[in-house]
Every structure is written in C-alpha cells, then in structure tokens.
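The values are calculated or read from the model by the stated rules, or taken from the named source; none is laboratory data. The structure displayed is predicted, hence computed values, not measured ones. FYI the Cβ positions are ideal-geometry reconstructions off the backbone, even for glycines, and counts take in every protein chain you see. Heavy atoms of the whole protein, side chains included, go into the accessibility calculation; ligands, DNA and RNA do not. Shrake-Rupley method; radii C 1.70, N 1.55, O 1.52, S 1.80 Å.
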Amino acid sequence: MSFIISYLIALVAIAFYTLIERKFLGYFQLRKGPNKVSLIGIPQPFADAIKLFTKEQSNPTPANHAPFIAAPILGLVLTLILWAIYPHSNPAIFLSFGAIYFLCVSRINVYRTFIAGWCSNSKYALLGALRGIAQTISYEVRISIILLTPLILNIQIDLSIISSNFTSWIIFIIFPLSIIWFITNLAETNRTPFDFAEGESELVSGFNVEYSGGIFALIFIAEYANILIISLLTSIFFIGSLLNGSNIFLVIKTIIIATLFIWIRATLPRIRYDNLIYLTWKRFLPASLRIILFVIPISFIIS
C-alpha cells in the first residue's frame, strides 16, 4: 500500500511542477500564466489531464502500432520505478545500491526515444529520435563519470546513507563538477537550451510528433518526472546540509534545483546541435576526468 501511495504522491508532484513552470514562465514573460481554472489556476494540472486523457487517440496508418503505444508506457514505467531510490525514513523498498540502480534504469530510457521515433514511420519523428539518441548517449557517459566522484568521496552507494552522512566540506571539492553535472542533466532531460529531440522550430515536436491524447500525456509525465528525479539526486550528491538526514530539507533543496530548470528555460535560447556535441566530448569529458583523478588520492587520504 505504501508503494502505491508513494507513486501517487510522485504523480501529484509532477502535476503541480508543470503548473509552477507555467506560472513562472508567465511572470518571466510579463503575463499571468494559467489563472482561470477555479482559485488562481491551482486545479489547472487536473484540467489538463482530463483534457488529454479524454481526447481521441490518433493512430497513424504507417505506424507500427504495438511498439508505437508501448514506447510511452515504457518511458513512464522506467521513470516511476526510479522513485524507489528516494531516501526517506520509511521506504517501501530498501535499496542498498541506489546509485547503481539509478544508472541501470535511466540508461534504458534511450530506447523509449528510439522506439517512439522509429515506430512512428515519420521522417520528422525519426530525425528527432536520432538526434535525441546521439545527445542522450553522449551525455550518459558524462553522468556515469561525474557520479563516480561523490560515490568515491562518500565510499558508499546507498543513497539513504549518503543523504544522512553528507559532510559539507565535500561541496568545496566537487563544486566545479556539480556545475558540469547540472548542465549535463539539462541535456539528459532534453531541456532548454538542449531541447533538440523536440525542436519545434526544426522538427515539428520531434520524436513525439505523431502522438496525441493520453499517449502523449504519458511522454509528458515521464519527462517532468525525470527532472524531479535528477533534482533529487543533485541535492543528495552535490549539496551539503546542516540538517543532514532531514526529509523536509531534502525536499526544499529538490524544489530549488527543479526551479533552476524553469529559470534556465525562460532565460537561454537553444544552441546549435554541433556545439552541444562539441561541449560534451571536447570540454566536459576532459574536465570530469581531471577532477576524478584529483579526487581519487583524496579519498585514500580520508579513508
């Protein structure tokens, strides 16, 4: 029962995160945002959900229907099972290898993009899927390398222990790496300025161009759930706390980091695709390798 409740809470958090984003973007652009539904637009996410799930589902004739429908479901399932790594005091599932679990599950997500674009049998969807796959794979390498640094310093892969025993001096060592981590996660979650898989101006919504209704809502939910998961991991691995082990403080840190995703979307334009690939292979890869080589002898000293 607690397992189901935790997933329902996660879905509600995702719904209201979309509302916060629309509100923030509205005020950033000197407008009100959604404010017509009931009290200042608070039930807007539920209205959007009703609209999407009651719309007619389009079924493109050339599409391969079974994998076409399975791809969004796969993406949502993979994202939701990642919530099992949340390090609260009464977990429904005890994972002593939370960091490895995150790496394994999140790496499968690239197949969701590939299957959705390829099975649509649309040139725009296929181009969006290929760009998204190249982008995701390039930055997945960086995420794995960067994640090794806090794991080496903490000498631990259990997220509950890392969250409760985080020492603040680690921040000064991995602060440059945390900036690279955050930029990498912008690319990993297809957020501005790296939203190439869904580049509306070039690809008419990219790999999900053929999706509508409830199936599109599953893709939408999975993408925003990924942002919240990444924000949670950032707060665990890269931000210290004077209230170590406090779930409330962990939630506050996660909300602040998730808000940065919205702020950057409102501020930065989309960059060129070749600059995206150049950034990861020519800049971030050498920098992350240098930092991890610097951290390894420090970990031997403190251990």
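Examine the stretch 133-144 for a residue that is under 28 Å from ASN275 (Cα atoms) and part of a loop (DSSP other than H, G, I, E, B), and state whether such a residue exists. Within the stretch 133-144 (the criterion being under 28 Å from ASN275 (Cα atoms) and part of a loop (DSSP other than H, G, I, E, B)), the answer is no, since none of the residues qualifies. Kindly indicate the residue of the stretch 228-245 that is in contact with a Phe, Trp or Tyr (Cβ under 8 Å, 6 or more places away or on another chain), in a helix (DSSP H, G or I) and among the polar types (S, T, N, Q) and also modelled with the highest pLDDT among those meeting that condition. It comes out as SER231. Of all residues in the stretch 100-137, those that are closer than 26 Å to PRO286 by Cβ, in contact with a Phe, Trp or Tyr (Cβ under 7 Å, 6 or more places away or on another chain) and of a type outside the set (Lys, Arg) total 3.
Could you say whether any residue in the stretch 146-162 is free of Cβ contacts under 8 Å to residues at least 60 places away in the same chain, open to solvent by 10 Å² or more (accessible area, probe 1.4 Å), in a helix (DSSP H, G or I) and out of contact with any helix residue (DSSP H, G or I) (no Cβ under 9 Å at 6 or more places or on another chain)? Within the stretch 146-162, none of the residues are free of Cβ contacts under 8 Å to residues at least 60 places away in the same chain, open to solvent by 10 Å² or more (accessible area, probe 1.4 Å), in a helix (DSSP H, G or I) and out of contact with any helix residue (DSSP H, G or I) (no Cβ under 9 Å at 6 or more places or on another chain).
Residues that are part of a helix (DSSP H, G or I) and either surrounded by fewer than 13 Cβ atoms within 10 Å (Cβ to Cβ) or free of Cβ contacts under 8 Å to residues at least 40 places away in the same chain (or both) within the stretch 264-278 comprise THR267, ASP274, ASN275, TYR278, listed in sequence order. If you check ILE9 against the conditions, is it within 22 Å of THR259 (Cα to Cα) and open to solvent by 60 Å² or more (accessible area, probe 1.4 Å)? Yes; evaluated as a whole, the condition is true for this residue. Scanning the stretch 182-194 for residues that are farther than 12 Å from LEU260 by Cβ and part of a helix (DSSP H, G or I), we see that the one that is nearest to the chain's Cα centre (by Cα) is GLU188. Across the stretch 95-120, the qualifying residues are those that are in a loop (DSSP other than H, G, I, E, B) and over 10 Å from LEU78 (Cα atoms), and the one among them that is least open to solvent (accessible area, probe 1.4 Å) is SER120. Being among the aliphatic types (A, V, I, L, M) and at pLDDT 85 or above holds for only one residue in ALA197, ALA187, and it is ALA187.
Annotation: ALA49 fulfils all but one of (1) in contact with a helix residue (DSSP H, G or I) (Cβ under 9 Å, 6 or more places away or on another chain); (2) under 30 Å from ILE108 (Cβ atoms); (3) surrounded by fewer than 15 Cβ atoms within 10 Å (Cβ to Cβ); the unmet one is (3).
For the stretch 207-227, residues that are among the polar types (S, T, N, Q) and either part of a helix (DSSP H, G or I) or surrounded by 20 or more Cβ atoms within 10 Å (Cβ to Cβ) (or both) total 2. Sort out which residues of the stretch 33-78 are in a loop (DSSP other than H, G, I, E, B) and among the hydrophobic types (A, V, I, L, M, F, W, C), and write them in order of number. Result: VAL37, LEU39, ILE40, ILE42, ALA63. Tallying residues that are of a type in the set (A, V, I, L, M, F, W, C) and more than 28 Å from LEU260 (Cα to Cα) within the stretch 22-64 yields 3.
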